[in-house]
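Notes follow once the structure below has been shown.
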Amino acid sequence: MSEPVSAYRVLIVDDHSVVRAGLRHLLAEVFDPVEIVEANGLAALEALLDEGMRFSFAVVDLYLPDFLGQDRLDRIRRRLEPAPVVAFTMSESKSDLRAALAAGLRGYIPKSTHDEVIIGILRMIQVGGTYFPYELLARDAEAERGSAPAAAAPVAGDGGQIGTGQIGTGHIGTGLAEAGEGESGAALTERQMEIMDLLARGHSNQQIGDLLGLNLNTVKGHLSRIFRQLGVESRTQAILKYQRMRGG
């Protein structure tokens, strides 16, 4: 039988003791009082869960020796519910960020993020927010627009290179699986899905451009092509049809 969680019991899953020690220090700044439990891999984590241990919050490295991909990540996240699960990783890969989103994680923090920024992110997630650094997606837009992505405003501290994305403003959508075909028979590209995810959350064209590192005309061009592919004439129609394509 699962035991109740008293105060804050926070889980760290990482195979490097130095990283776990650093996280203990940062987590103590966020949670008070706190009991920190450590696991050096997914096997150790699953053993804790099998014993019925429950957690208030979990920070998990994506690249563990026994990590078996997104399906395993999704299963671990479900087993840890209702605790928020945050990825803390060396990876600054767009595909890894999207995998974390698809698995239902509440945040994605690259290990290069400055300590002050990490503390701010953890506090925000603790009270119900989410954090996914938009600039990781914006970097991939450089080749498309032929220039550097737009800078994001710092969120805390001195604005580390990675910890400068938007905090608490939602994330890059849930349309992460490859889009199915709409009634028009045209599947959306990955970039088009990113734009539609943001459009469905009420972002303006300029905001979409800022978040994805695209200029305004490029965003408008993408939307025009999306409307033609979906066979619609308005933003509302596009959002409704996109949600049907996703099964939402």
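Applying 1/(1 + (r/R0)^6) with R0 = 45 Å to the Cβ-Cβ distance of residue 228 and residue 127 gives a FRET efficiency near 0.60. Name the lysines eligible as straight-distance cross-link partners of residue 111: C-alpha to C-alpha under 22 Å, and not fewer than 8 places from it in the same chain. Of all the lysines, those that pass the test against residue 111 - Cα under 22 Å, at least 8 places apart if same chain - are 94.
In this structure the amide hydrogen of residue 103, modeled in the peptide plane, comes within under 5 Å of no amide hydrogen from residues 5 or more places off or on another chain. Counting every other Cβ atom within 10 Å of each residue's Cβ, 132, 31 order from fewest to most as 31, 132. Extension gain for residue 7 to residue 243 (0.36 nm times residue separation, less C-alpha to C-alpha distance): 81.0 nm. Across region 1-136, the fraction of Cα-Cα pairs farther apart than 19 Å, rounded to a whole number, is 44%.
Across region 100-105, coupling constants 3J(HN,Hα) worked out from phi with the 6.51/-1.76/1.60 Karplus curve, θ = phi - 60°, read 5, 4, 5, 7, x, 5 Hz, and Gly and Pro carry x.
Summing Cβ point charges (Lys, Arg +1; Asp, Glu -1) relative to the Cα centre of region 190-245 gives a dipole of roughly 200 debye. Here the translational diffusion coefficient of region 190-245 follows from Stokes-Einstein with Rh set to the Kirkwood radius across Cα pairs; for 4 °C and 1.567 mPa s it amounts to 118 µm²/s. Working from label points 7 Å from Cα in the Cα-to-Cβ sense, the residue 78 to residue 187 distance is 2.4 nm. Annotation: amide H-H contacts under 5 Å for residue 88 (H modelled 1.01 Å from N, sequence separation of 5 or more, or interchain): 60, 61, 62, 109.
Extension gain, residue 220 to residue 51, is 55.5 nm, computed as 0.36 nm per intervening residue step minus the present C-alpha separation.
No value in this document is a laboratory result; all are computed from the given coordinates. Predicted, not measured: the structure shown is a model, and the values here were computed from it. When we count neighbours, we look across all protein chains shown, and the Cβ atoms used for this are built from the backbone with ideal geometry, even at glycine.
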